[in-house]
Amino acid sequence: MATAVVATAYGGPEVLSLVEVEVPEPGPGEVSIAVRAAGVNPFDYKLYSGAFGTDPSKLPIRLGLEVAGVVTAVGPDAEGPAGPISVGDEVIATVGGGYATAVTVPAAGVVPKPADVDWKHAAGVLSVGGTAVHLLAATGVGPGDTVLIHGAAGSVGALAAQLAVARGARVIGTASPSRHERLRAYGVEPVAYGPGLADRVKALAPNGIDVALDTVATEEAVDVSLELVADRSRIATIVAFDRAAAEGFKALGMGPGADPGTEIRGNAWRELLPLLSTGKLDLAIAKTFPLSEAAAAHELVIEGHAGGKVILLP
């Protein structure tokens, strides 16, 4: 048995409960993992908020997309993207129902955890990092580009900014003034969001913006992107799906009409983990919570100003 977090109804974080669940023995191509840390993502609370419907037959809903932990059992032919998996391996996994003390998952989503990456960083990098890699790949960010990132101090935005700088791009990032020093440390030119944003960006980049990446979904972010970037194929959002559909720019991720980027995201670990392991990529951890305080963790994420990744520690 394991302890897991489930949503017992649709609503806010108050509907989350701790329950006991069975952990199946791994079948062919599966492994069981003792979870050491689980990443919290905005998609998690959207599952029970009603954003994707309120079908009562889907309750209770298991939550959690990513974990880091230790393999406790393996089924026949348990092989991940990096090769065979053995009991005792420290791993990172893309999962369903990761808010738990233990899970059984397909080995296809399990990759080795670098020894010098701690549990909370390991559990927090795959989802946001995969999204960041997808944003850059979908818009073709490369040397010489000037890139505007809306929400550059958020979990996805900060990784996208660092990766874009590493690829030789000039990056301008929107953030509250309290986060500007952190962005400068990444090689990003910070700019405050709010009225007059387009003019402030133009002053920084009089020769124009090549790419705009939206991680916040504000009207301002979309409007400024459309104003400053001529080629709409080089504007991408991970949140403003309706406007992307209506105005002809790219929507990425799990929203309606979006490109899921399954192959790009599934292989992003190959780029992300070596950088994280060598200290060339900074994943800010905003706060950790015990599994029993998943509701409080979600409240912090819903506020939208956590300032980094939120992690559950079973």
> What's the local net charge at residue 67, with K and R +1, D and E -1, over the other residues with C-beta under 13 Å away?
Replying inline: +1
> Helix hunt in the chain: which complete DSSP H runs extend at least 15 Å axially by C-alpha with mean Kyte-Doolittle at least -0.5?
Replying inline: 119-139, 155-166
> Under 12 Å from the 7 Å Cα→Cβ point of residue 3, by amide nitrogen: which residues of region 85-118?
Replying inline: 100-102
> In deg cm²/dmol, rounded to 500, what helix-only [θ] at 222 nm does the chain give when every DSSP H run of at least 4 residues adds -39500 (n - 2.57) and the total is split over its residues?
Replying inline: -9000 deg cm²/dmol
>> Relative contact order of the chain, please, whole-number percent, based on alpha carbon pairs below 8 angstrom and at least 6 residues apart.
In response: 18 percent
>> Using Cα-Cα distances under 8 Å and only pairs 6 or more residues apart, what relative contact order does region 144-253 have, in percent?
In response: 23 percent
> By per-residue mean of other Cβ atoms within 10 Å, what is the highest-first order of 224-237, 27-40, 123-136, 197-210?
Replying inline: 123-136, 27-40, 224-237, 197-210
>> Taking R0 as 25 Å, what FRET efficiency do you get between residue 185 and residue 302 from their Cβ-Cβ distance, rounded to the nearest 0.05?
In response: 0.35
> Distance from the Cα centre of region 140-197 to that of region 1-80, in angstrom?
Replying inline: 33 Å
> So how strong a dipole does region 128-251 carry about its Cα centre when Lys and Arg Cβ are +1 and Asp and Glu Cβ are -1, to the nearest 20 debye?
Replying inline: 380 debye
> What net charge is computed for the residues neighbouring residue 254, neighbours being all others with C-beta under 13 Å from the C-beta of residue 254, Lys and Arg scored +1, Asp and Glu -1?
Replying inline: 0
> If you take every DSSP beta bridge whose two residues both sit in the chain, what share of them, in percent to the nearest 5, is antiparallel?
Replying inline: 60 percent
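No lab work stands behind these numbers, since they all come straight from the coordinates. These figures come from a predicted structure and were not determined experimentally. In this analysis, Cβ positions are derived from the backbone assuming ideal geometry, glycine residues included, and neighbour counts consider all displayed protein chains.
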